[in-house]
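The values are calculated or read from the model by the stated rules, or taken from the named source; none is laboratory data. Please read these numbers as outputs of a predicted model, since none were measured by experiment. Glycine also receives a Cβ, built like all others from the backbone with ideal geometry; neighbour counts cover every protein chain displayed.
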Protein chains: 2
Amino acid sequence: MLPPGSTIGILGVGQLGRMLASAAAKLGFRTAVFGPDADRSPAGHVTNHAVSGSYQDLAAVQAFASACDVVTYEFENVPAETAAAVVQSGKPLAPNADALAASQERLREKSLFRSLNIPTVDFWDIETADDLTNALAEAGPSILKTRRFGYDGKGQARLKGGEDAAQVLADLGGGPWILEAMAPFQRELSIIAARSANGDIAFFDLCENQHKDGILALSQIPAAASDAVTAQAREAAERVLTHLQYVGVLTVEFFDVDGALMANEMAPRVHNSGHHTLEACAVSQFEQHIRAVAGWPLRDAKTLRPMEMLNLVGAQANDWAALASDSEIDLTLYGKGEARPGRKMGHAVRPWKSS
Amino acid sequence: MLPPGSTIGILGVGQLGRMLASAAAKLGFRTAVFGPDADRSPAGHVTNHAVSGSYQDLAAVQAFASACDVVTYEFENVPAETAAAVVQSGKPLAPNADALAASQERLREKSLFRSLNIPTVDFWDIETADDLTNALAEAGPSILKTRRFGYDGKGQARLKGGEDAAQVLADLGGGPWILEAMAPFQRELSIIAARSANGDIAFFDLCENQHKDGILALSQIPAAASDAVTAQAREAAERVLTHLQYVGVLTVEFFDVDGALMANEMAPRVHNSGHHTLEACAVSQFEQHIRAVAGWPLRDAKTLRPMEMLNLVGAQANDWAALASDSEIDLTLYGKGEARPGRKMGHAVRPWKSS
């Protein structure tokens, strides 16, 4: 167990890093964050040390890691060489580099699910226009995605079949790609789970999520779910956690197709669909993650009060005064400047009656 | 309403400033803290700007205040000239200087209670040994206190009557003093209340507090209390808040003498007996205070889960590993270094069944 006063290093300086840093401070840890413009960032406002730097500046990354007792991250697109620089510093990286590698490349991610007997939609490896033409003939309506750097609906194109493959690839850019069959799902669920350094696993209740324009809009905890659905989600998360010898919080998102869950993607980190664990649960996803990476035991993550979270995206945050005046709403703002379209500015949590 | 991105300035850099800064950050505010060794302080670890300086350096205080949009404080012993320097900067001080003046001098505090028809124990103004000899003859068993700078049982002496007055004053030092009759109380209660800039008042439930060696050891919320007892506490807090045109969180501590409350002291700030409002209540005392000083509306402060808080004083914090391993306990540590005797290092909150 890392003693209080130890320094938790965080790669990434956005709202997830901010909430991780606050959770670490609550437990008596010092925090350091690393990323572009760290000193003016959401995480930089609440940390001991905000180190501005590029993830490609490996000497800077190594110096940063050397000043920490453990290093974690808030985003899955940490470059492999950046992760390697942390490891070379001799300080632990948690979750480990395998978890990063598996989750930052969609083909590898889906292949991992398949290898662990976790159901997914059908998918095809697309490297050329011919690959896409052939796959589309088989797949019908489907989604073409870049393998890397897609998030919040970016790097994706919906296809009906019959499109000009070369044109589609040129328009989307950023290959290689993966083509995924459309799942006839009724809803999207996510599970947030944590694994401690000694292998204990704790689950949060399932969250039911609604997206708008590719961005999470609403998340409710606990999702109404049968024991069978809950068991599928927990089993999937546990297989990934155990296989990767994972330490920290992992999120797996699912399509619910008539009670059968299909894993869509995973994130080796705290997740937007779990922000309301702060208000709803006996421990937050942020504290649970810090506990895991610090070698502390996990806490029981049970839900105490059903809550729903509304993301405040772009101009929605301009309603801050009305939101702050609604006594039922627990408001969190990320300390960002301009409310640009699509930018996550904060979230509002309120009581929710589970059906 | 101060918009998110505004800067809340906090005088004082201890654990109360730390928890205030975290609450302000949650609402999207920037924070700045001012005090000795601010950069290595509990509050300095979680703030945008930690400014190290002496409260007597009025130019530094004024420069600090000028960079903030509103200034508040975490301790009642802010010197009057320091408060005046903030006011001279043109930035609002909340709670105001009258609240500071009334609460940092025990005779003035008790006199305010009396003037507002809030019951207190009998008390005597002690400036000389003769004053004390005369008062002791009337009072019998009683407590002699310095009027200023007493906290956590410091600056106090218990007297039986018949002591050598001159010797007692020389031993205690730090005059002038106040002599207070002993109250035959069964328990100690505190109420935390807030008043917004537009005069709205919100109350937390009563806390029942147990002290050890003059330091708060345990606090439980909500205290078992009749409507009559609750009404006395609320009425007292409301009178003080309204009289002082107060903005922010105020705490009043009471002796409960057979269901009759006698005001013991007040603090113009968030209070150690309210730390568990973070886990127990719909809003924390810290967020409620920030809302008030930022001109935001208050939230309903209702208790959602009865909780009790154990202070971790001095060596008690050395048990951090055991406390962190008890899944029922929500642990908060203040980021302090050495666990010196009497030093508040953190607190542990756990569910409590109200009787």
Can you report the number of residues in the range B:30-45 which are within 8 Å of chain A (Cβ to nearest Cβ) and in contact (Cβ under 8 Å) with a residue 40 or more places away in the chain? 1
Out of (1) more than 21 Å from A:L27 (Cα to Cα); (2) buried (at least 21 other Cβ atoms within 10 Å of the Cβ), what's the single condition that is false for A:G259? (2)
Within the range B:229-245, how many residues are more than 12 Å from B:A194 (Cα to Cα) and either in contact with a Cys (Cβ under 9 Å, 6 or more places away or on another chain) or acidic (D, E) (or both)? 1
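Being more than 14 Å from chain A (Cβ to nearest Cβ) and of a type in the set (S, T, Y) is the filter here, so list the residues in the range B:263-289 that pass it.
Applying the first criterion (more than 14 Å from chain A (Cβ to nearest Cβ)) to the range B:263-289 yields B:263-274, B:285, B:289.
Of everything in the range B:263-289, just one residue is more than 14 Å from chain A (Cβ to nearest Cβ) and of a type in the set (S, T, Y), namely B:S273.
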Test A:A217 against the criterion of being within 25 Å of A:A157 (Cβ to Cβ), under 19 Å from the mean Cα position of the chain (by Cα), buried (at least 18 other Cβ atoms within 10 Å of the Cβ) and in contact (Cβ under 8 Å) with a residue 40 or more places away in the chain, and give yes or no. no
For the range B:313-335, check the following and say yes or no: at least one residue is touching a residue at least 40 places away in the same chain (Cβ under 8 Å), farther than 27 Å from A:D330 by Cα, within 9 Å of chain A (Cβ to nearest Cβ) and within 21 Å of the chain's Cα centre (by Cα). no
Which of (1) closer than 30 Å to A:T72 by Cβ; (2) of a type in the set (A, V, I, L, M, F, W, C); (3) part of a strand (DSSP E or B) is the odd one out, the single condition A:L179 does not satisfy? (1)
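Could you please find all residues in the range B:130-146 being among the hydrophobic types (A, V, I, L, M, F, W, C) and surrounded by fewer than 16 Cβ atoms within 10 Å (Cβ to Cβ)? Talk me through it step by step, then tell me what you get.
First, the residues of the range B:130-146 that are among the hydrophobic types (A, V, I, L, M, F, W, C): B:132, B:135-137, B:139, B:143-144.
The answer is B:A137, and nothing else.
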Could you tell me whether the range A:175-188 includes any residue that is within 30 Å of A:Q288 (Cβ to Cβ) and within 18 Å of the chain's Cα centre (by Cα)? yes
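Are there strands (runs of 3 or more DSSP E) fully within the range A:255-355 with at least 1 residues that are of a type in the set (S, T, N, Q)? List them.
Passing ranges, in order: A:260-267, A:307-313, A:330-333.
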Does A:A224 meet the test of being of a type outside the set (S, T, N, Q), surrounded by 14 or more Cβ atoms within 10 Å (Cβ to Cβ) and touching a residue at least 12 places away in the same chain (Cβ under 8 Å)? no
Restricting to the range B:10-26, count the residues that are part of a strand (DSSP E or B) and in contact with a helix residue (DSSP H, G or I) (Cβ under 6 Å, 6 or more places away or on another chain). 1
In the range A:12-22, what count of residues is obtained for those that are surrounded by 23 or more Cβ atoms within 10 Å (Cβ to Cβ) and either under 15 Å from B:S41 (Cα atoms) or more than 10 Å from chain B (Cβ to nearest Cβ) (or both)? 6
Counting only residues that are at the interface with chain B (Cβ under 10 Å from one of its Cβ atoms) and within 19 Å of A:N96 (Cα to Cα), how many does the range A:1-11 have? 1
Complete set of residues in the range A:46-65 that are outside any loop (DSSP other than H, G, I, E, B), away from every other protein chain (no Cβ under 14 Å) and not small (G, A, S): A:V51, A:L58, A:V61, A:Q62, A:F64
With the requirement that a residue be modelled with pLDDT of 95 or more and either among the charged types (D, E, K, R) or not assigned by TED's automatic domain parsing to the domain that holds B:N272 (or both), what does the range B:312-332 give you? B:D319, B:D326, B:D330
Unique residue being among the aromatic types (F, W, Y) and crowded, with 17+ Cβ neighbours inside 10 Å when the list is B:F123, B:F149: B:F123
What number of residues within the range A:302-311 are within 12 Å of chain B (Cβ to nearest Cβ) and either touching a Pro at 6+ places or on another chain (Cβ under 9 Å) or surrounded by 23 or more Cβ atoms within 10 Å (Cβ to Cβ) (or both)? 2
Restrict the check to the range B:269-292 and report whether at least one residue is over 25 Å from B:T31 (Cβ atoms), of a type in the set (D, E, K, R) and not assigned by TED's automatic domain parsing to the domain that holds B:R148. no
